[in-house]
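Here's the structure, in structure tokens; my notes come after.
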Amino acid sequence: MEEKKNAQGNSPQKMSYEDLARTANELSIQNKKMVEYIQQLQAALAEQDFNRISFFLSMLFKVMDHAEYYSDDFIKWAIEKIESSLKEFDAELNAEPQQNEAK
């Protein structure tokens, strides 16, 4: 067993400057690809969230079009959801330019 340790060496071989530069370049390329992939995933998630919220709001507005079919409590809840959703959306829209400027 000691022979294996000695044969393999306890410390890794030192890399040449060229090997280090090549490895750093490969890691840099991998990092750029991963950042692009993460951005694509974030965009897809944002689009999915937008679609869900859009559907939810459209259903709430349809409820309001036919409020006579629903209980007063449900209509009150629907109104509160519409108002809060639109306020949150407005807050996000107003926050985006500030976030983009920070980048």
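Taken together, the values in this text are just the output of simple stated rules run on the coordinates, not laboratory data. The shown structure was predicted, so the numbers you read here are calculated from the model rather than taken from an experiment. Using ideal geometry, Cβ is built from the backbone for each residue, glycine included, and neighbour counts are taken over all protein chains shown.
When Rg and Dmax are taken over the Cα atoms of region 15-102, they come to 23.2, 79 Å.
With θ taken as phi - 60° and the Karplus curve 6.51 cos²θ - 1.76 cosθ + 1.60 applied, the whole-hertz 3J(HN,Hα) list for region 33-49 is 5, 5, 4, 4, 5, 4, 4, 5, 5, 5, 5, 5, 5, 5, 5, 5, 4 Hz, x standing for glycine and proline.
The dipole here belongs to region 50-98: it is taken about the Cα centre, uses +1 on the Cβ of Lys and Arg and -1 on the Cβ of Asp and Glu, and is about 160 debye. Packing order of peptides 77-86, 30-39, highest average first: 77-86, 30-39 (average count of other Cβ atoms within 10 Å over each peptide's residues).
To the nearest 20 debye, what is the magnitude of the charge dipole of region 15-102 about its Cα centre, counting +1 on the Cβ of each Lys and Arg and -1 on the Cβ of each Asp and Glu? Show your work: numbers first, answer last.
Numbers: 8 positive and 17 negative charges, 54 e Å.
Computed about the Cα centre, the dipole is about 260 debye.
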